[in-house]
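A.B. asks: Pasting a structure below so you can have a look.
What follows is calculated from the coordinates using simple rules that are stated; it is not laboratory data. The shown structure was predicted, so the numbers you read here are calculated from the model rather than taken from an experiment. We place every Cβ from the backbone using ideal geometry, glycine too, and count neighbours over all the protein chains shown.
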Amino acid sequence: MIDNRHVELDEPLPLSAGKVRVAVQELTSVLTSNAPAGIGDEDWSDTPEGIEAWIRWYDSLEPVEFTAAERAAWQTARNEDKQTELAWWNERSDRLEEHFR
């Protein structure tokens, strides 16, 4: 997390004493890039063995657990996204209704 230009790590890193160089890439630039994300369809195996391997991998995942502060931040962001979507929807609906008046 970055707070007031300070980086806070979730867990300590085994770094030697001295200076550390940190490269920062804003998440928004990653989300808006045209690079493909995830695994392509050609990389999935739909054989019984491939499906079984995927199920084993999926079952091995740890559940996501939020702290109260993380859950509150997530809910705030979710509400902001909802308001943005509603505003977009209302604008599109108004423009569409103009065609039928």
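A.B. asks: Measuring from label point to label point, each 7 Å out along Cα→Cβ, what is the residue 21 to residue 68 span in nm?
C.D. replies: Each label point is offset 7 Å from its Cα along the Cβ direction, giving 4.2 nm.
A.B. asks: Could you tell me which chymotrypsin sites (Phe, Trp or Tyr not before Pro) in segment 44-97 are loop residues by DSSP with no more than 11 other beta carbons within 10 angstrom of their beta carbon?
C.D. replies: Values: sites: 44, 54, 57, 58, 66, 74, 88, 89; in loops: 44, 66.
Taking segment 44-97 and a limit of 11 other Cβ atoms within 10 Å, the loop chymotrypsin sites (Phe, Trp or Tyr not before Pro) found are 44, 66.
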